[in-house]
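Below is one structure, written out as structure tokens; comments come after it.
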Amino acid sequence: MKVFVINMHGEPLMPCSPRKARILLKEKRAKVVQREPFTIQLLYGSSGYKQDITIGIDTGHDEVGVSVTTETKELFSSVFKMRNDISKKMTTRRMYRRNKRSRLRYRKPRFDNRAASTRKGRLAPSVEWKVETHKRIISFYQNRLPKCKVILETGIFDMQKMQNPEIKNEMYQKGIQYGYANTKAYVLTRDRHTCQAGKSGCTKRLEVHHIKFKSQGGSDNPKNLITLCSKHHKELHEGKLILNIKKHKSLRSATTMNIIRKRLLGYYPNAIETFGYVTKQNRQNLGLEKSHSNDAFVIAGGNNQQRAETMDYKFKQANNRAIGIHRKGYAPTARKVRYLIQSGDIIKYEGRTYTSKGNKNKGKSILLEIEGKKKTVNSKKVELIYNRKNIQCIYA
């Protein structure tokens, strides 16, 4: 694995080996500017020798693969694990805010805070985060490497074709709900205005039920809706009735990937686009297994170059928000001050380096994993080496 290098003016240079980086740091001819991914800055002038570099990006919903290659070797191989908890955390934040508002006296609105949520082109926060994170990853490698060419593997998904393989021509304009007043009317007609619980004693009132609850990520797709009478609908939500119905496959990830493709190609107009079927064929020709690191290597034009060790990274919440700390007469709903040592931080204990697994007793104890066993130690006996932010390297 190589180390990113920038000169004393902040311009990117060719990466160096870890051994050379250690020598430069020991001789105080360089300094550390970033630990993950590891980057050093030279404190003296350099010749600036550069090679042609290709960056291959395997875009994805859950993981993103990156490979940086030259004509002779692979310099970097990385896999970034994306966050999928943003929607859930926003739901939690909404609960805290609603509880807070219920305890406030009424006052006249002082400004319109809904303009941003209705602006044209707005993305859902979870989708926007994935788009911005892709841009962040690509921009990092572009800013840390000289003379680099970017190749993106993107995906184009036809959602209507995925739901109905026989769709064609004017059927795209006239979908399954064509001619119906709304989705509910279509579902009732599809189910012949009959309760689908398969039980006796149905009432006359019919309701539409979400097979996968919206609180669990379900959508208003007709395949996720079913007709039930009011009696069995109530029993189902009370846990007295269980439906033996297969939940439909969500197309959320496919929709997100279409958005990511459009935004990235617009943001990087000079990038070269490739597709999955091309990558698959080239990977099979090289006899490589299916993985994000191998796909990225093939995307970057990898052939017989010397491979680099794959580094795994994950994104996490920066934990810099304090929700509900200003509640007059009530205890804070979230901690106001961050603990000195967070989960994932690099610490030293009894002369050895560990990764913190979490806190106990309000930060007074640190949870470590020593020789495969979890151990709790006093926070005063450990030394903080590096406080990780919202990106972490996953060490084997």
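A short reminder: the numbers here are calculations on the coordinates, not readings from a lab. Quick caveat: nothing in here was measured; it's all calculated off a predicted structure. Don't worry about glycine lacking a Cβ; one is built from the backbone with ideal geometry, like all the others, and counts go over all protein chains shown.
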**Complete:** Summing -39500 (n - 2.57) over every DSSP H run of at least 4 residues in the chain and dividing by its residue count gives a helix-only mean residue ellipticity at 222 nm, to the nearest 500 deg cm²/dmol, of -8000 deg cm²/dmol
**Asked** Is the shape of segment 1-50 rounded, prolate or oblate, going by the alpha carbon gyration tensor and its root eigenvalues a ≥ b ≥ c, with a/c under 1.5 for rounded and a/b larger than b/c for prolate?
**Response** rounded
**Item:** Cut-off under 5 Å, modelled amide H: who pairs with S219 long-range
**Value:** none
**Request:** Please give the helix 86-102 orientation as an angle from the longest Cα principal axis of the chain, in degrees from 0 to 90, rounded to the nearest 10.
**Result:** 70
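Between K348 and H210, what FRET efficiency comes out of the Förster formula 1/(1 + (r/R0)^6) with R0 = 51 Å and r the beta carbon distance, rounded to 0.05? Can you show the working numbers first?
On the way: r = 51 Å, r/R0 = 1.00.
With R0 = 51 Å, the Cβ-Cβ based efficiency is 0.50.
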**Request:** At a Cα cut-off below 25 Å, give the lysines reachable from K373, other chains included and same-chain residues fewer than 8 away excluded.
**Result:** K314, K316, K348, K357, K360, K362, K364, K381
**Item:** Any cysteine of the chain lacking a neighbouring Cys Cβ under 4.7 Å - listed by number
**Value:** C16, C148, C393
**Message:** If you filter segment 234-316 for GluC sites (Glu not before Pro), then keep DSSP loop positions with at most 15 other Cβ within 10 Å, what is left?
**Reply:** E238, E289, E309
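Let me check against my output: what whole-number percent is the relative contact order of the chain, with C-alpha pairs under 8 Å and at least 6 apart? Provide the component values of the computation, followed by the final result.
On the way: 601 pairs, mean separation 74.7, N = 396.
In percent, rounded to a whole number, it is 19.
Rounded to two decimals, what is Rg over Rh for segment 339-388 when you use alpha-carbon atoms and the Kirkwood radius?
Using Cα coordinates only, the ratio equals 0.90.
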**Item:** Share, in percent, of DSSP beta bridges within the chain that are antiparallel, nearest 5
**Value:** 70
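Work through the residues other than E289 whose Cβ is under 13 Å from its Cβ and net out their charges, Lys, Arg +1 and Asp, Glu -1. Let's see the in-between values first.
Values: positive: K280, R283, K290, R307; negative: D295.
Once all neighbours under 13 Å are counted, the net charge is +3.
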**Request:** Kindly provide the Kirkwood hydrodynamic radius of segment 169-237 in Å, to one decimal, from all pairs of distinct alpha carbon atoms.
**Result:** 13.0
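Work through the residues other than D52 whose Cβ is under 11 Å from its Cβ and net out their charges, Lys, Arg +1 and Asp, Glu -1.
On the way: positive: K50, K147, K149; negative: E71.
Summing Lys and Arg as +1 and Asp and Glu as -1 gives +2.
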**Item:** Most to least packed among 49-61, 249-261, 16-28 [average Cβ atoms within 10 Å]
**Value:** 49-61, 249-261, 16-28
